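Structure first, commentary second.
The values are calculated or read from the model by the stated rules, or taken from the named source; none is laboratory data. Bear in mind that the values here come from a model prediction, so they are computed numbers and not experimental data. Note: ideal-geometry Cβ built from the backbone for every residue, glycine included; neighbour counts use all protein chains shown. Note: accessible area is taken over every heavy atom of the protein model, side chains too, but ligands, DNA and RNA are not part of it. Shrake-Rupley method; radii C 1.70, N 1.55, O 1.52, S 1.80 Å.
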Amino acid sequence: MIKFKSTREIQLMKESGKVVAEALHEMGRAIDIGVTTGKLDKIAEKCIRKHGGEPAFLGYHNFPASICASINNEVVHGIPGLRRLQEGDIISIDVGVRLNGYYGDAAATFSVGRISEEARKLIDVTRNSLYKAIEAMQSGKRLSDLSYAVQSYVESYSFSVVRSYVGHGIGEDMHEDPQVPNFGPPGRGPLLQPGIVLAIEPMVNSGSWEVEVMNDQWTVVTSDGSLSAHFEHTVALGENGPEVLTSPQQS
Ligand code: MG
């Protein structure tokens, strides 16, 4: 069942969203050749706690860190640690915050030093596909109009959309109904109405859409070893259209 949020609840979610955005921004500034993913995790945790929030991922199904850090062929759920970033890497960072009883969730893919033309294009297309979905999030449209917006855009660049992991509703729980797939035909699923809040998160591979989970039971990688990128925002549908709650420009 979809839990629609009141204006007051969306206001509270903006607070957690702002902390998510700030943590991502601080990590983005710290990303450099030689920096460990564990260091980025510490930066995020410190930022979240400074604002009175709790890292939402830490301890979630026993996940050991505050961020997911997924490099190159890793899609999502990479565990931060001693691995050092190298020139040419791309790193997807996902971070969630619980504050005042409400969650915020966002992700972005960053480049390390000079990256390949293909990696640059993958990052740009994945970011743009998220904004295609946000544009499609309008009252009267249906949920799968978002899914279709992502898939049709991504595939027009000959990249592929991950099927096994999807976006989600978000609020007092990190994962609420509905699931938000990044693929599928338009015009299906629940009607979008003011008060719905979604974590929209396209995961895009430069090769095939197929993925597998590594032996650590967390890290999801592309089956063919191709690169993957991931962007996510928590977005509320208001009376005046979609509003990104995890945008760094929030006032
Ligand atoms: Mg999410």
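Structural remarks
- Entries of K14/K50; K46/K132; K5/K141; K18/K50; K3/K141 with Cα pairs more than 22 Å apart: K46/K132
- For the chain, modelled as a GNM whose springs connect Cα atoms under 10 angstrom apart, the maximal fluctuation among N62, N100, N72 occurs at N62.
- A crude spin-label estimate for the pair I33 and E87, with each label 7 Å from Cα along the Cβ direction, gives 0.4 nm.
- Highest mobility in the GNM of the chain, judged by mean-square fluctuation with C-alpha springs under 10 Å and restricted to I196, I33, I48, is found for I33.
- In the chain, helical runs assigned H by DSSP with n ≥ 4 each contribute -39500 (n - 2.57); averaged across all residues and rounded to the nearest 500, the mean residue ellipticity at 222 nm is -9500 deg cm²/dmol.
- Restricting the calculation to Cα atoms, every distinct pair contributes to the Kirkwood radius of the chain, found to be 17.8 Å.
- The amide H of F110, built 1.01 Å from its N in the peptide plane, has I91, S92, I93 as neighbours under 5 Å, considering only residues 5 or more places off or on other chains.
- Rh by Kirkwood over Cα pairs, then Stokes-Einstein D for the range 2-97 at 0.692 mPa s and 37 °C, µm²/s: 234
- Cα centroid separation, the range 6-71 to the range 214-251 (Å): 13
- Dipole of the range 7-244 [Lys/Arg +1, Asp/Glu -1 at C-beta], most positive-end residue of V35, L192, S139: V35
- Note on the range 102-238: Rg/Rh from Cα positions, Kirkwood definition for Rh, rounded to two decimals, is 0.97.
- Cα-based shape type of the range 34-180, given that a ≥ b ≥ c are square roots of the gyration tensor eigenvalues and the cut on a/c is 1.5: oblate
- Accessible surface of the chain [probe 1.4 Å, protein heavy atoms]: carbon and sulfur percent: 47
- Summed over the residues of the chain and divided among them, the accessible surface reaches 44 Å² per residue at a probe radius of 1.4 Å.
- At R0 = 22 Å, FRET efficiency that the Cβ-Cβ distance of K121 and S208 yields, to 0.05: 0.85
- Point-charge dipole on Cβ atoms (K/R +1, D/E -1) for the range 7-244, about Cα centre, debye to 20: 400
- Cut-off under 5 Å, modelled amide H: who pairs with W218 long-range: none
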